[in-house]
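**Student:** Have a look at this one before I ask anything.
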Amino acid sequence: MRRNPDIRLLFADHHEREKDYYRRTRIFPIMHLVAVRREIYEQHPFVATSLYRAFCQAKDLALQKMRYPGTLRYMLPWMRSEIAEIDEVFGGDPWPYGIEPNRATLEALVQYLAEQGLIETPVPVEKLFVPTFGLA
């Protein structure tokens, strides 16, 4: 809400730099994370799959509404060209779920955590997540 005049973007051309970085590295910041306590998962392993499915459905609905041609969900200038750019750069989904589409980002995260001493040694990204049964 408030702005501090001493705080500003580091790069004026941040948009182009972010796209370039993603194209070169396939690393894009993870926006949110959901965690389930181990004891809850061990008592009710279906929780992980149920949450995953619910979040996938919610994201699919949001993307569908964002693209609805009858009336745009958001009143933003250049919305259609922004959506076209998302499709071109990210294949239509800048926040894919799952390990494989996020492998480069997750491996960078683990590397940075180890380098900064927040974890003792790097962990394989597969060890960070529980299996979601019946999901591809």
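**Student:** If you go through the stretch 10-31 one residue at a time, do you hit one that is in contact with a helix residue (DSSP H, G or I) (Cβ under 8 Å, 6 or more places away or on another chain), at pLDDT below 85 and either of a type in the set (A, V, I, L, M) or in a helix (DSSP H, G or I) (or both)?
**Tutor:** Looking for residues that are in contact with a helix residue (DSSP H, G or I) (Cβ under 8 Å, 6 or more places away or on another chain), at pLDDT below 85 and either of a type in the set (A, V, I, L, M) or in a helix (DSSP H, G or I) (or both), one finds at least one in the stretch 10-31, hence yes.
**Student:** Restricting attention to the stretch 86-101, which residues are assigned to a helix (DSSP H, G or I) and free of Cβ contacts under 8 Å to residues at least 12 places away in the same chain?
**Tutor:** Of everything in the stretch 86-101, those that are assigned to a helix (DSSP H, G or I) and free of Cβ contacts under 8 Å to residues at least 12 places away in the same chain turn out to be ILE86, ASP87, GLU88, GLU100, PRO101.
**Student:** OK, next. Failed condition for GLY91, given (1) on the phi > 0 side of the Ramachandran plot; (2) in contact with a helix residue (DSSP H, G or I) (Cβ under 7 Å, 6 or more places away or on another chain), with all others met?
**Tutor:** Tallying (1) on the phi > 0 side of the Ramachandran plot; (2) in contact with a helix residue (DSSP H, G or I) (Cβ under 7 Å, 6 or more places away or on another chain), GLY91 fails exactly one: (2).
**Student:** Hey, another quick one. Given the residues ALA108, ALA104, which is the only one that is part of a helix (DSSP H, G or I), in contact with a Lys or Arg (Cβ under 6 Å, 6 or more places away or on another chain), of a type in the set (A, V, I, L, M) and in contact (Cβ under 8 Å) with a residue 60 or more places away in the chain?
**Tutor:** Answer to the selection: ALA104.
**Student:** I've got another one for you. Anything in the stretch 1-47 that is in contact (Cβ under 8 Å) with a residue 12 or more places away in the chain, aliphatic (A, V, I, L, M) and within 30 Å of ALA84 (Cα to Cα)? List them, or say none.
**Tutor:** ILE27, ILE30, MET31, VAL34
**Student:** Yes or no: the stretch 44-53 includes at least one residue that is of a type in the set (A, V, I, L, M), surrounded by 13 or more Cβ atoms within 10 Å (Cβ to Cβ) and closer than 29 Å to TYR21 by Cβ.
**Tutor:** No, the stretch 44-53 contains no residue that is of a type in the set (A, V, I, L, M), surrounded by 13 or more Cβ atoms within 10 Å (Cβ to Cβ) and closer than 29 Å to TYR21 by Cβ.
**Student:** Of all residues in the stretch 105-135, which are closer than 30 Å to HIS44 by Cα, within 17 Å of the chain's Cα centre (by Cα) and surrounded by 12 or more Cβ atoms within 10 Å (Cβ to Cβ)?
**Tutor:** THR105, LEU106, GLU107, LEU109, VAL110, VAL125, PHE129
**Student:** Just checking, does the stretch 67-82 include any residue being surrounded by 13 or more Cβ atoms within 10 Å (Cβ to Cβ), part of a loop (DSSP other than H, G, I, E, B) and at pLDDT below 90?
**Tutor:** Checked the stretch 67-82: at least one residue is surrounded by 13 or more Cβ atoms within 10 Å (Cβ to Cβ), part of a loop (DSSP other than H, G, I, E, B) and at pLDDT below 90.
**Student:** Does the stretch 50-65 contain at least one residue that is farther than 30 Å from VAL130 by Cα and basic (Lys, Arg)?
**Tutor:** Checked the stretch 50-65: at least one residue is farther than 30 Å from VAL130 by Cα and basic (Lys, Arg).
The values are calculated or read from the model by the stated rules, or taken from the named source; none is laboratory data. Just so it is clear, the model here is predicted, and its values are computed rather than measured. Don't worry about glycine lacking a Cβ; one is built from the backbone with ideal geometry, like all the others, and counts go over all protein chains shown.
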